[in-house]
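Q: The structure's right below; bear with me while I get my questions together.
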Amino acid sequence: MYTKNATFTLTSGKSEISGTKSDVVVLFADIRNFSNWCNFGPSLDQIGDVIKTQYNGVIQISKDQRSCFHKLLGDGFLLLWEADHEIDLPQCLKRAIGAAFEIHKNFWYFVRDLPYKAPLGYGIGISMGSAIRIQPETFLNEMNEVDFLGYPLNCAARMQSLSGPFGVTACSSTAALIAGTPGEFLYPKLPGSRVALHPPSFAALEKARVTNGLLPRDLTDFRHLTWPDSQLELWNTDGILRDQEMPRADQVKFLISA
C-alpha cells in the first residue's frame, strides 16, 4: 500500500484478525528477466505498457477462470482458487492450468508485434495444499482486506523461479494429482488441452537444492508442465529452466533472498 499523502478511514471496530483453514490451488507468475530488461533500453512508456497489459490480463483471466483471490505484485502476480462445497481441488487445479495457458498465450500475442524488445516471458509456479484465509479488522478501513497465508503460496513463488520463460513448474502434490488422474489432465476430452509432465531439469534441481523454504519432497519431486498439442503453434518453447539460465554460484543467495 502506497501511503504517501493517503487519507485513511477510521473504523470503530476492535483490532483483531480471524483465520480459517482451507484447501487451495495457487498460481504465481513472474516476468522473466524483467528487472534487467528495465535497466537496458525501454522507455517509461514501454515499461508502463507491459505492466498495464499485465494488470488488464490478470483481471480478465481471474474472471474467466473464476479465481477467488488475486494479488498484483509489480512484475508478477498471484491467483488463488479455494475449494469449497461448489468446487473441489481437482477442479481448482483445472482452472489454474487453464489460467497458466492463457497467461502464456496472451503474452505471446502481446509481444509478437511490438516495435521494441520485450521481456522474455512468464515463469509460472503452481502449488496446492492447506492455507489460512485471514480477515483482519483494524482501525483503518483500507487495511481490512482478506488475505491468504501458508506454504502453498510460498511454494508457488519458489516453483515459478524453477521455470524458464513461457514455463510452468508444479509442486510435488500438484504433479501427483495430475499424474494420478490421467483422464482429467493428461488425456482430456477437449482437443488441445492435454498436458504433459516432465522430470525436473538438472538446472532446476540445482536451483531447488539451494532454495530455502521448500519441503523435502518439493526439492526433488516437482515437475515441469507443458501443452504438447498447442504450445508449438504459439510460443515455441517448453519453458524448462536450462543450464544457461542458471545464475552464477555467487549470485544464487542474492537472487533467492531478493
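The values are calculated or read from the model by the stated rules, or taken from the named source; none is laboratory data. Nothing here was measured: the structure is a model prediction, and the numbers come from that model. Backbone-built Cβ (ideal geometry, glycine too); neighbour counts: all protein chains shown.
Q: Being within 15 Å of GLY164 (Cβ to Cβ), basic (Lys, Arg) and in contact with a helix residue (DSSP H, G or I) (Cβ under 7 Å, 6 or more places away or on another chain), is that true of even one residue in the stretch 219-231?
A: Yes, the stretch 219-231 has at least one match.
Q: Filter the stretch 34-65 down to residues that are surrounded by 15 or more Cβ atoms within 10 Å (Cβ to Cβ) and part of a loop (DSSP other than H, G, I, E, B) and give me whichever is modelled with the highest pLDDT.
A: It comes out as GLN65.
Q: Might you let me know whether the stretch 112-128 holds any residue that is within 18 Å of the chain's Cα centre (by Cα) and among the charged types (D, E, K, R)?
A: No, that holds for no residue.
Q: Moving to a separate point now. Could you list, ordered by first residue, the pairs with Cβ atoms under 9 Å in which the first is in the stretch 145-172 and under 16 Å from ARG223 (Cβ atoms) and charged (D, E, K, R) and the second is modelled with pLDDT under 95 and assigned to a helix (DSSP H, G or I), at least 6 apart or interchain?
A: ARG158/ILE256
Q: Sticking with this one: Can you tell which of GLY167, GLY150, GLY123 is buried (at least 24 other Cβ atoms within 10 Å of the Cβ), at pLDDT 90 or above and out of contact with any Lys or Arg (no Cβ under 7 Å at 6 or more places or on another chain)?
A: GLY167
Q: Go through the stretch 228-241 and report how many residues are over 17 Å from the mean Cα position of the chain (by Cα) and assigned to a loop (DSSP other than H, G, I, E, B).
A: Total meeting the criteria: 7.
Q: Given LEU80, LEU73, which one is at pLDDT 95 or above, within 24 Å of ALA170 (Cβ to Cβ) and among the hydrophobic types (A, V, I, L, M, F, W, C)?
A: Sole residue among the options that is at pLDDT 95 or above, within 24 Å of ALA170 (Cβ to Cβ) and among the hydrophobic types (A, V, I, L, M, F, W, C): LEU80.
Q: Can you tell me which residues in the stretch 103-148 are aliphatic (A, V, I, L, M) and in a helix (DSSP H, G or I)?
A: Within the stretch 103-148, ILE103, VAL111, MET143 qualify.
Q: Oh, and also: Suppose we filter THR220, THR237, THR174 for residues that are under 22 Å from TYR122 (Cβ atoms), among the β-branched types (Val, Ile, Thr) and at pLDDT 95 or above; which single one remains?
A: Criteria check complete, one pass: THR174.
Q: Considering only the stretch 7-23, I want to know if a residue exists there that is at pLDDT 90 or above, touching a helix residue (DSSP H, G or I) at 6+ places or on another chain (Cβ under 9 Å), part of a strand (DSSP E or B) and surrounded by 11 or more Cβ atoms within 10 Å (Cβ to Cβ).
A: yes
Q: Another one. Across the stretch 173-202, what is the number of residues that are in contact with a strand residue (DSSP E or B) (Cβ under 8 Å, 6 or more places away or on another chain) and touching a residue at least 12 places away in the same chain (Cβ under 8 Å)?
A: Qualifying residue count, the stretch 173-202: 13.
Q: Among the residues of the stretch 180-208, write down those that are of a type in the set (A, V, I, L, M) and under 19 Å from ALA99 (Cα atoms).
A: Scanning the stretch 180-208 gives LEU186, LEU190, VAL195, ALA196, LEU197.
Q: Next question. Could you figure out which of (1) farther than 14 Å from ILE97 by Cβ; (2) assigned to a helix (DSSP H, G or I) isn't true of THR211?
A: Unmet for THR211, out of (1) farther than 14 Å from ILE97 by Cβ; (2) assigned to a helix (DSSP H, G or I): (2).
Q: Restricting to the stretch 149-204, name every residue that is of a type in the set (Gly, Ala, Ser), in contact with a Leu (Cβ under 9 Å, 6 or more places away or on another chain) and not in a helix (DSSP H, G or I).
A: SER161, SER163, GLY164, GLY167, ALA170, ALA196, SER201
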